[in-house]
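To start, the structure itself, in structure tokens.
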Protein chains: 4
Amino acid sequence: MKGLFSALLVPFDENGQIIEQGLRDVVRFNIDVQQIDGLYVNGSSGENFLLSTEQKKQIFQIVSDENKGKVKLIAQVGSLNLNEAIELGKYATELGYDSLSAVTPFYYKFTFQEIKAYYETIIRETGNDMIIYAIPALTGVSMSMAQFDELFQNEKIIGVKYTDGNFFLLERLRKQYPNKLIYSGFDEMLIYGAISGVDGAIGSTYNVNGKQAKQIWDLCQTGKVAEAYEVQHKTNDLIEKILELGLYQTLKEILNVKGIQAGTVKQPMSSLDPAKKDAVKHLVEKYEL
Amino acid sequence: MKGLFSALLVPFDENGQIIEQGLRDVVRFNIDVQQIDGLYVNGSSGENFLLSTEQKKQIFQIVSDENKGKVKLIAQVGSLNLNEAIELGKYATELGYDSLSAVTPFYYKFTFQEIKAYYETIIRETGNDMIIYAIPALTGVSMSMAQFDELFQNEKIIGVKYTDGNFFLLERLRKQYPNKLIYSGFDEMLIYGAISGVDGAIGSTYNVNGKQAKQIWDLCQTGKVAEAYEVQHKTNDLIEKILELGLYQTLKEILNVKGIQAGTVKQPMSSLDPAKKDAVKHLVEKYEL
Amino acid sequence: MKGLFSALLVPFDENGQIIEQGLRDVVRFNIDVQQIDGLYVNGSSGENFLLSTEQKKQIFQIVSDENKGKVKLIAQVGSLNLNEAIELGKYATELGYDSLSAVTPFYYKFTFQEIKAYYETIIRETGNDMIIYAIPALTGVSMSMAQFDELFQNEKIIGVKYTDGNFFLLERLRKQYPNKLIYSGFDEMLIYGAISGVDGAIGSTYNVNGKQAKQIWDLCQTGKVAEAYEVQHKTNDLIEKILELGLYQTLKEILNVKGIQAGTVKQPMSSLDPAKKDAVKHLVEKYEL
Amino acid sequence: MKGLFSALLVPFDENGQIIEQGLRDVVRFNIDVQQIDGLYVNGSSGENFLLSTEQKKQIFQIVSDENKGKVKLIAQVGSLNLNEAIELGKYATELGYDSLSAVTPFYYKFTFQEIKAYYETIIRETGNDMIIYAIPALTGVSMSMAQFDELFQNEKIIGVKYTDGNFFLLERLRKQYPNKLIYSGFDEMLIYGAISGVDGAIGSTYNVNGKQAKQIWDLCQTGKVAEAYEVQHKTNDLIEKILELGLYQTLKEILNVKGIQAGTVKQPMSSLDPAKKDAVKHLVEKYEL
């Protein structure tokens, strides 16, 4: 369960339906070309929160089928609808996903005790392991060290996908919990996670730029941090451009340029402005994606 | 479409299933006892964002059936899953709901153009009228006057449920759009909406305290604002207590005390602490609910 | 100590020095033309936090001298430098100011106990009454009802200048403390304060539009809220324009148009763009300022 | 101008007066014992924003006198009162401070153009170099890359004290401006700044724990990041305790335990609870401070 995981992108057609072959190709591209160590399925980058239960299941099934046990698979099943979270958790467990993950519930201002009970319920009902998905910028939920302490008492909570810029808390977590899995998010700050001894990193740009991320990661593992930082600079030049053009839209267009039927984003997200397509093509060439 | 609308509460059992008879009784209690003018169905107070599509439909159906055309019905169909929003919108339209309403999409940081397109799509697909549901404290989406101007160009956007404390913007909207329907939220500030010439107000506490809210509303309509303010004081004494005990949990327990099978809240929300039941009973007596 | 108070504007020259005659004229204009009931001196609108101790004293002195006991005077003496706050508090007390006021200390994240001690120290050292100056949008300090309860135990804390849009808390304060002085801020929401039984309102636009504000205030006192709301509409048309042009810059330019030597704002605030002067002149004519 | 700078602590007596000998001893302790490379004088940690102009000057003078040219000195002169900022800037320049620094103006919501003009004015009036002091958590002012681009056009703006956790922006700044001085803040994240090629770091805990910080810094310079991270772990164990006990209060008490007359904090900050003194003594022993 270590290394780089792509936060898997999912191709959609104009009606918001999954493009199955496109999804299979994205999975293969991640495994064969980007050589990532695992896939984080149905996370924010997978536009999970825009999907129906059936679509989420379809994605879990297709990815598992295409992966054929090759890389590690984490199934994000968190939902404000706890019944759905359980249903998805059971489904992914049966499919053999290596672990579940669940976003902290959002929208309503849940108390920490409610959040904790939510995780306990999913774990109890599925019997699977759980990786907390902490992403305060989208959920508004910032958990304190004391709250992580409380969650990590549960042996089935095996780790956290920590998508936050608070590297002090990340350091504290690492120090206190050497045996929990800690995955950092924010690809543009991969190096900071890597030198902090995280077990892995999960990100959306790894779908198209996994090889370079892997360089950063491997260089850090072997203590070559200065070299890693040079690669991070180059990586961030690219990420800066991608963010300017629109994150998910651009990542999918890059895949399209690479010959993968990556479709478009699902509404309410707006499709890539056609006028930007040339700029994306230029990125692919310039950064040899 | 004027007056006081209850943000309808929905009874759930311990497994998160709708208690149909309880729901029918809550509808009747709102119409017959609280004498509200309409029901806002599947809003935040209805725990809508915790439900499956089927449950949302079930609620739309039961409420419509029980109402029998007695009071006005607004169907909140907004969803991050736009396909679901359309499906719900069509369903509620067929059931004869007087208007649709849709929350601004949240979680992802949608641009205003994406938000606008989301409304246009629901309107186009359903052919029904639309009431914007603006609730920045839960969605993180604050729309400016200029953005409301842009939305209100669309004739099918007939109004806004404005659950925000920015009464300057409310005043500007009222001044600029005398013919759009403006509903204020925040029951504890009903009087401020009422004197601002809003068309109505929508709130969760009206399920149990609609009569008193009606007093505030009617007194304001006839210019007796000082008297209305005295009632608002009393109302807020109650609301303060309800908020201390837990909003939805306490409202449901009040209904339970009144003999309605209002069940409990749906997880991840935590049920009312049994130790607080006496305090709720005391509220019912003290405030003659 | 009841009624409308102008948050007194202070004329500065290009070097950030006080224009004494201009200041005297602004005081006179407020008293004689705008017919306000009092002056709130050295508040945010007086650019107080951009000034030296000597300038603050100079302003206290000039205003007191020009006022000659005509209207009520409140001296805002709050400062992160508590020694300065005390020095100013003693000075204003000697000059006969009717009450002190002090902003909640900001920048550093003071605990409530530190904030409370700050008020107690100023009160003990000056022997004068204190009006809390709560303005969360600028200070980041939002006090809860429980914290106001604790502060209001102190008899020398006679009230609060409450510049916040949380009208629920305002209502709670009014209900609980009928004998404390509550002044609302936010001129564009004057009517909401007025119907809440506040003792007065304090605002910057009253320097130029006090007469119209007075109408809103007086109409509310006599129960003519609907009429007051019509005036608030007109007032807000003006305020909307002023905010677009730049708040303090425009207010001063309006005074300049009226023949008062109101100078400019103090740096770091930027002076009114000369290209906007015509627009300001137009405002003066259109709104008969 | 490279290396570790202490954000100099200033001893105050119970009346908020500077303890001159204590200040001299803190300067010596920093230079002789902690072996820091420079002092950042009159920053937030120096309680600068609680002081009178005279006190700020007194501190600049004493520090310069005690330092005798030994280590680099940066004078923070930023103030909402631009006249004071200029006066302080001239004073520190005459005293031979190596560079000025100025906090972004806060409280009022200044536009970027106003902020830029503020820096230009200080530079023009003093003729000295300027280091931007960016500390969004206290000022509420977050500058974008484009805004830094605009500021850094000015050759007299030689760098930035960047006290923020946004390491993506830090990386972008470093990449784009290899010749500007970048100092990171947040001692608990020193390692992340150090591997980012910052020129130095400025922090309050270096007053008492500079030697350990120096280890982190030096290990990173020689590529021994894993070892540095181990030291950061130990350092953060200490910082975590200090933050629990109260930052400035505890740092001063540590100095007191070390025999330096470090006095107390200036009101409105509250003095260390005497009951915590033993815990501080214990820290000094445990961490061999």
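The values are calculated or read from the model by the stated rules, or taken from the named source; none is laboratory data. Quick caveat: nothing in here was measured; it's all calculated off a predicted structure. For neighbour counting, all protein chains shown are included, and Cβ atoms are generated from backbone atoms with ideal geometry for every residue, glycine included. Heavy atoms of the whole protein, side chains included, go into the accessibility calculation; ligands, DNA and RNA do not. Shrake-Rupley method; radii C 1.70, N 1.55, O 1.52, S 1.80 Å.
Conditions first: (1) more than 27 Å from C:ILE191 (Cβ to Cβ); (2) at pLDDT below 95. C:TYR107 passes all but one, so which condition is the exception?
Exception for C:TYR107: condition (2).
Taking A:ALA201 as meeting all but one of (1) under 28 Å from A:PRO178 (Cβ atoms); (2) open to solvent by 30 Å² or more (accessible area, probe 1.4 Å); (3) more than 9 Å from chain D (Cβ to nearest Cβ), write down the number of the exception.
(2)
Could you say whether any residue in the range B:2-22 is open to solvent by 10 Å² or more (accessible area, probe 1.4 Å), farther than 28 Å from A:PHE110 by Cβ and either more than 14 Å from chain A (Cβ to nearest Cβ) or in contact with an Asp or Glu (Cβ under 8 Å, 6 or more places away or on another chain) (or both)?
Within the range B:2-22, one or more residues are open to solvent by 10 Å² or more (accessible area, probe 1.4 Å), farther than 28 Å from A:PHE110 by Cβ and either more than 14 Å from chain A (Cβ to nearest Cβ) or in contact with an Asp or Glu (Cβ under 8 Å, 6 or more places away or on another chain) (or both).
What are the residues in the range A:243-289 that are part of a loop (DSSP other than H, G, I, E, B) and farther than 17 Å from A:ASN30 by Cβ, if any?
Start the filter on the range A:243-289 by keeping residues that are part of a loop (DSSP other than H, G, I, E, B), which leaves A:246, A:258-262, A:265-273, A:287-289.
If the condition is that a residue be part of a loop (DSSP other than H, G, I, E, B) and farther than 17 Å from A:ASN30 by Cβ, then A:GLY246, A:VAL265, A:LYS266, A:GLN267, A:PRO268, A:MET269, A:SER270, A:SER271, A:LEU272, A:ASP273, A:TYR287, A:GLU288 are the ones that fit.
Go through the range A:150-164 and count every residue that is under 21 Å from D:GLU240 (Cα atoms), open to solvent by less than 50 Å² (accessible area, probe 1.4 Å) and outside any strand (DSSP E or B).
3
Could we say that D:VAL71 is touching a residue at least 12 places away in the same chain (Cβ under 8 Å) and open to solvent by less than 10 Å² (accessible area, probe 1.4 Å) here? If you could, list the steps in order and put the result at the bottom.
Values: touching a residue at least 12 places away in the same chain (Cβ under 8 Å): yes; open to solvent by less than 10 Å² (accessible area, probe 1.4 Å): no.
In short, no.
Scan the range B:82-108 for residues that are free of Cβ contacts under 8 Å to residues at least 12 places away in the same chain and under 23 Å from A:GLN17 (Cα atoms) and jot them down. Talk me through it step by step, then tell me what you get.
Step one: filter the range B:82-108 for residues free of Cβ contacts under 8 Å to residues at least 12 places away in the same chain, giving B:83, B:94.
Selection gives B:ASN83 alone.
Keeping to the range A:144-164, report how many residues are among the β-branched types (Val, Ile, Thr) and at the interface with another protein chain (Cβ under 9 Å from one of its Cβ atoms). First the steps, then the outcome.
Taking the range A:144-164 first, the residues among the β-branched types (Val, Ile, Thr) are A:157-158, A:160, A:163.
Retained after the next criterion (residues that are at the interface with another protein chain (Cβ under 9 Å from one of its Cβ atoms)): none.
Number satisfying all stated conditions: 0.
Just need a number here: residues in the range A:204-229 that are among the polar types (S, T, N, Q) and either outside any helix (DSSP H, G or I) or within 13 Å of another protein chain (Cβ to nearest Cβ) (or both).
So in the range A:204-229, the residues among the polar types (S, T, N, Q) come out as A:204-205, A:207, A:209, A:212, A:215, A:221-222.
Those left that are additionally either outside any helix (DSSP H, G or I) or within 13 Å of another protein chain (Cβ to nearest Cβ) (or both): A:204-205, A:221-222.
Summing the residues that are among the polar types (S, T, N, Q) and either outside any helix (DSSP H, G or I) or within 13 Å of another protein chain (Cβ to nearest Cβ) (or both) in the range A:204-229 gives 4.
Looking at D:PHE49, D:PHE110, which one is of a type in the set (Phe, Trp, Tyr), within 14 Å of another protein chain (Cβ to nearest Cβ), closer than 18 Å to D:LYS266 by Cα and open to solvent by 10 Å² or more (accessible area, probe 1.4 Å)?
Details: D:PHE110 fails: closer than 18 Å to D:LYS266 by Cα.
Just one listed residue meets the conditions, D:PHE49.
Select from the range B:91-102 the residues that are of a type in the set (D, E, K, R) and in contact with a Gly (Cβ under 9 Å, 6 or more places away or on another chain) and list them in ascending order. Walk me through it before giving the result.
Our first condition is that a residue be of a type in the set (D, E, K, R); within the range B:91-102, this holds for B:94, B:98.
B:ASP98, the sole residue that qualifies.
For the range D:165-182: of the residues being within 12 Å of chain A (Cβ to nearest Cβ) and in a loop (DSSP other than H, G, I, E, B), which is least open to solvent (accessible area, probe 1.4 Å)?
In the first step, residues of the range D:165-182 are kept if they are within 12 Å of chain A (Cβ to nearest Cβ); the result is D:165-176, D:178.
After this cut, where a residue has to be in a loop (DSSP other than H, G, I, E, B) as well, the list is D:165-166, D:178.
On the way: D:GLY165: 18, D:ASN166: 59, D:PRO178: 86 Å².
Step by step, filter the range D:165-182, then rank; the result is D:GLY165.
Applying the selection to the range A:204-227, what residues are without any contact (Cβ under 8 Å) to a residue 40 or more places away in the chain, open to solvent by less than 30 Å² (accessible area, probe 1.4 Å) and under 13 Å from A:LEU4 (Cβ atoms)?
Answer for the range A:204-227, where residues must be without any contact (Cβ under 8 Å) to a residue 40 or more places away in the chain, open to solvent by less than 30 Å² (accessible area, probe 1.4 Å) and under 13 Å from A:LEU4 (Cβ atoms): A:ILE216, A:CYS220.
For B:LEU170, indicate whether it is touching a residue at least 40 places away in the same chain (Cβ under 8 Å) and within 18 Å of the chain's Cα centre (by Cα). I'd like the intermediate steps shown before the answer.
Values: touching a residue at least 40 places away in the same chain (Cβ under 8 Å): no; within 18 Å of the chain's Cα centre (by Cα): yes.
Criteria not met by B:LEU170.
Taking the range C:183-198 as the region of interest, how many residues are within 14 Å of another protein chain (Cβ to nearest Cβ) and not in a loop (DSSP other than H, G, I, E, B)?
Residues of the range C:183-198 that are within 14 Å of another protein chain (Cβ to nearest Cβ), as a first pass: C:184-198.
Next, from what is left, pick out any that are not in a loop (DSSP other than H, G, I, E, B): C:184, C:187-194.
Residues meeting the conditions: 9.
Is it fair to say C:LEU238 is touching a residue at least 12 places away in the same chain (Cβ under 8 Å), outside any helix (DSSP H, G or I) and within 30 Å of C:SER196 (Cα to Cα)? Spell out how you get there, then give the answer.
On the way: touching a residue at least 12 places away in the same chain (Cβ under 8 Å): yes; outside any helix (DSSP H, G or I): no; within 30 Å of C:SER196 (Cα to Cα): yes.
Spelling it out, it is not the case that C:LEU238 is touching a residue at least 12 places away in the same chain (Cβ under 8 Å), outside any helix (DSSP H, G or I) and within 30 Å of C:SER196 (Cα to Cα).
Could you run through the range B:230-278 and say how many residues are within 26 Å of B:ASP32 (Cα to Cα), hydrophobic (A, V, I, L, M, F, W, C), open to solvent by 30 Å² or more (accessible area, probe 1.4 Å) and away from chain A (no Cβ under 14 Å)?
1
Identify all residues within the range A:88-107 that are open to solvent by 30 Å² or more (accessible area, probe 1.4 Å) and under 24 Å from A:ALA137 (Cβ atoms); write none if there are none.
Narrowing the range A:88-107 to residues open to solvent by 30 Å² or more (accessible area, probe 1.4 Å): A:90-91, A:93-96, A:98.
Listed by number, the list is empty, since nothing qualifies.
Please enumerate the residues belonging to the range C:177-195 that are in contact (Cβ under 8 Å) with a residue 40 or more places away in the chain and under 14 Å from C:GLN215 (Cα atoms).
Here is the first cut: in the range C:177-195, the ones in contact (Cβ under 8 Å) with a residue 40 or more places away in the chain are C:181, C:183, C:185, C:187-188, C:190-191.
Selection gives C:ASP187, C:GLU188, C:LEU190, C:ILE191.
Any residue at all in the range B:122-135 that's more than 14 Å from chain A (Cβ to nearest Cβ) and either among the small types (Gly, Ala, Ser) or within 25 Å of B:ILE254 (Cα to Cα) (or both)?
yes
Within the range D:112-144, restricting attention to residues that are assigned to a loop (DSSP other than H, G, I, E, B) and polar (S, T, N, Q), which residue is nearest to D:GLY165 (Cα to Cα)?
So in the range D:112-144, the residues assigned to a loop (DSSP other than H, G, I, E, B) come out as D:127-129, D:135, D:140-144.
Going one step further and asking which of them are polar (S, T, N, Q), we end up with D:128, D:142, D:144.
Details: D:ASN128: 28, D:SER142: 11, D:SER144: 14 Å.
Here the answer is D:SER142.
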